[in-house]
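Working notes, beginning with the structure itself.
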Amino acid sequence: MSPATPVPQSGRSAPSRLTLYARLTRIDKPVGTLLLLWPTLTALWIASGGAPTPLHVAIFVAGTFLMRSAGCAINDVADRDFDGHVKRTADRVVASGRVSAAEALLVSCALTLAAALLLVPLNLLTFALALLGVVVAATYPLFKRFFPLPQAYLAIAFSFGIPMAFAAVQGQVPAVGWWLFAANLFWVVAYDTEYAMVDRDDDLRIGVRSSAILFGRADVAAVMACYGAYFAGLLMVGALARLNWPFYLGWLVGLAIALYHYTLIRTRDRERCLRAFRHNQWVGLAIFAGVVGAYAAG
């Protein structure tokens, strides 16, 4: 059976549906969740002075997982007529007909509802920010149709956990929270441009916009410039939060990883660009570990 052949209704068993839903929501590809989770946990640690409550940690870990999964499902519905023409996404379950668009929407709605229930113990500001974040995430697929830099819009969606964490702990988003949010925007643009470099030829052919197309031959320089802005912003975060040496050690490790990415993307080889994108999970982990270490060291 070819990847594009829909599975007959009679052949759908419960286990096979669960497997397809896992692929729809990218449970088998946790990198995306980690890219959302590390900056969110970093914000939670800073907001709480290094002592977040177990409830807050559980809510934000579970909420990040659920909303990333819901976002993947809604994205696949929006891109179902495009994904089949892109080498990397041709086998996605909605594009290949194994999960219907209506079914994928139901999965996305169920996951979003579950994430919303997690907000019940939190304050109104956190709920309002979450609602705004959902709107941004849900409309992101449309921006790829006309906006020349959709990665910038995605960066907003991928960074909403930061102000939400501060709001949940402090009931406000202080300057350090907005600095972390702003820095994170550049990180998302950097790693999602690496991702877009993988699909550039296919995106040009089907008319989808991306930062890789916009930047053209300046793509590698643009990625590294975004990394530079990200790490510069983190220095301001460290100063405002009065973090000590473990944070700066984590910062240096993250910077070294980002510099390594230059060696991966400079040839614009698809597989190496994809490897660089996936490798960003270690950048986020390095920064988070530095923040945890800074508070643990006193």
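The values are calculated or read from the model by the stated rules, or taken from the named source; none is laboratory data. What you see is a predicted model, and the numbers here were worked out from it, not measured in a lab. Glycine also receives a Cβ, built like all others from the backbone with ideal geometry; neighbour counts cover every protein chain displayed. The protein model used for the area step is the full one, side chains on, heavy atoms only, and it has no ligands, DNA or RNA in it. Shrake-Rupley method; radii C 1.70, N 1.55, O 1.52, S 1.80 Å.
Results, tabulated for the structure shown:
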| read-out | value |
| --- | --- |
| Every residue from the range 118-140 that is open to solvent by less than 50 Å² (accessible area, probe 1.4 Å) and among the aromatic types (Phe, Trp, Tyr) | 140 |
| Selection count, the range 267-291, where residues are open to solvent by 10 Å² or more (accessible area, probe 1.4 Å) and over 22 Å from residue 232 (Cβ atoms) | 9 |
| All positions within the range 243-297 that are free of Cβ contacts under 8 Å to residues at least 40 places away in the same chain and of a type in the set (S, T, N, Q) | 263, 267 |
| Residues (part of a helix (DSSP H, G or I), surrounded by fewer than 24 Cβ atoms within 10 Å (Cβ to Cβ) and not small (Gly, Ala, Ser)) located in the range 174-187 | 176, 178, 179, 181, 185, 186 |
| Options 68, 80, 98, 88; residue that is among the basic types (Lys, Arg), within 17 Å of the chain's Cα centre (by Cα) and closer than 26 Å to residue 18 by Cβ | 68 |
| From the options 145, 98, residue that is assigned to a loop (DSSP other than H, G, I, E, B) and either within 17 Å of residue 64 (Cβ to Cβ) or open to solvent by less than 40 Å² (accessible area, probe 1.4 Å) (or both) | 98 |
| Extreme residue, farthest from residue 112 (Cα to Cα), among residues of the range 67-84 that are open to solvent by 30 Å² or more (accessible area, probe 1.4 Å) and without any contact (Cβ under 8 Å) to a residue 60 or more places away in the chain | 81 |
| Positions within the range 230-247 being surrounded by fewer than 17 Cβ atoms within 10 Å (Cβ to Cβ) and part of a helix (DSSP H, G or I), in sequence order | 232, 235, 236, 239, 240, 245 |
| Matching residues, the range 46-58, being surrounded by fewer than 23 Cβ atoms within 10 Å (Cβ to Cβ) and assigned to a helix (DSSP H, G or I) | 54, 55, 56, 57, 58 |
| Filter result for the condition that a residue is touching a residue at least 24 places away in the same chain (Cβ under 8 Å), in a helix (DSSP H, G or I) and surrounded by fewer than 21 Cβ atoms within 10 Å (Cβ to Cβ), over 202, 219 | 202 |
| Which numbered condition residue 298 misses (of (1) open to solvent by 50 Å² or more (accessible area, probe 1.4 Å); (2) within 21 Å of residue 150 (Cβ to Cβ); (3) modelled with pLDDT under 95) | (2) |
| Residue selected from the range 19-35 under the condition free of Cβ contacts under 8 Å to residues at least 60 places away in the same chain and in contact with a Lys or Arg (Cβ under 8 Å, 6 or more places away or on another chain), by the criterion surrounded by the most Cβ atoms within 10 Å (Cβ to Cβ) | 33 |
| Search result, residues across the range 266-295 that are part of a helix (DSSP H, G or I) and charged (D, E, K, R) | 270, 271, 272, 275, 278 |
| Test: residue in the range 158-172 that is touching a Leu at 6+ places or on another chain (Cβ under 9 Å), at pLDDT below 95, closer than 29 Å to residue 49 by Cα and not in a loop (DSSP other than H, G, I, E, B) | yes |
| Qualifying position, being in contact with a helix residue (DSSP H, G or I) (Cβ under 8 Å, 6 or more places away or on another chain) and at pLDDT below 95, among 59, 74, 46 | 74 |
